[in-house]
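To start, the structure under review is shown below, and the notes come after it.
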Amino acid sequence: MLYLVPTPIGNLEDITLRALRVLKEVDLIACEDTRRTAILLSHYGITTPTTSYHNHNERRKTPQLAAKMMGGASVALVSDAGSPGIADPGFFLVRACHEAEISVVALPGPTALIPALTASGLPSERFVFEGFLPPKKGRQARLMALAQEPRTVVLYEGPHRLVRTLSELARHFGMERAAAVGRELTKQYEELRRGTLGSLHAYFAAQPRIRGELVLIIAPQR
């Protein structure tokens with residue numbers, strides 16, 4: 001059995017009782033970063049063994065984990081924050097489990113995009129989640145296509161690229177397109193800033209240093 005277990009995106013209280021039970025009962029926890037997961041496990045007194053499973057070793061580790069499960073072990077997959085497989089490792093292992101007829105159970109739980117979207121005040125009845133934009137190849141073509149999107153657009157971005165991304169969004173979508181930026185969601189310095197793409201770019205460009213992971217919400221083309 002493979003369990004996909006969402007973990008808090010910041011506040012350690014944002015985890016379900018079911019998730020805690022699964023993490024205690026499985027034979028092994030596959031973690032994007034064992035050091036990061038150790039903080040959560042220690043907080044809740046969970047002593048289940050862990051192993052690393054991340055973008056750089058997932059192709060090599062997938063057959064090993066699948067073999068363990070075919071031998072009768074149960075494995076929980078967690079990412080550093082949020083739901084495994086959503087802009088995080090997980091796809092290769094889930095696919096391998098289906099191919100080997102290993103049961104896969106996905107638990108509901110935290111993910112950054114939903115609280116950012118619902119708190120933004122932008123239309124949420126229809127939206128498209130694009131994850132991270134391509135850093136180079138295909139980036140401008142993706143932006144041009146998204147500029148005509150009739151649904152609200154949700155993006156993830158890192159602090160080092162936020163100003164560049166807001167500048168490009170303003171150029172392709174228009175300076176006056178409504179948008180919001182969620183930063184450090186559920187954490188001590190949580191911030192949700194609304195405005196136009198132009199005003200958001202001006203605000204963040206003036207900041208001496210931007211920290212934390214970010215979610216961008218852009219209103220649909222009307």
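Of note:
- Residue match in the stretch 115-134 (condition: of a type in the set (Val, Ile, Thr), within 28 Å of Ile217 (Cα to Cα) and assigned by TED's automatic domain parsing to the domain that holds Glu184): yes
- Residue within the stretch 28-36 that is surrounded by fewer than 14 Cβ atoms within 10 Å (Cβ to Cβ), within 24 Å of Ala67 (Cβ to Cβ) and more than 21 Å from the chain's Cα centre (by Cα) present: no
- 3 or more residues under 30 Å from Leu40 (Cβ atoms) and in contact (Cβ under 8 Å) with a residue 60 or more places away in the chain: qualifying helices (runs of 4 or more DSSP H) within the stretch 104-222: 113-120
The values are calculated or read from the model by the stated rules, or taken from the named source; none is laboratory data. Small disclaimer: the values here were computed from a predicted structure and weren't measured. Glycine also receives a Cβ, built like all others from the backbone with ideal geometry; neighbour counts cover every protein chain displayed.
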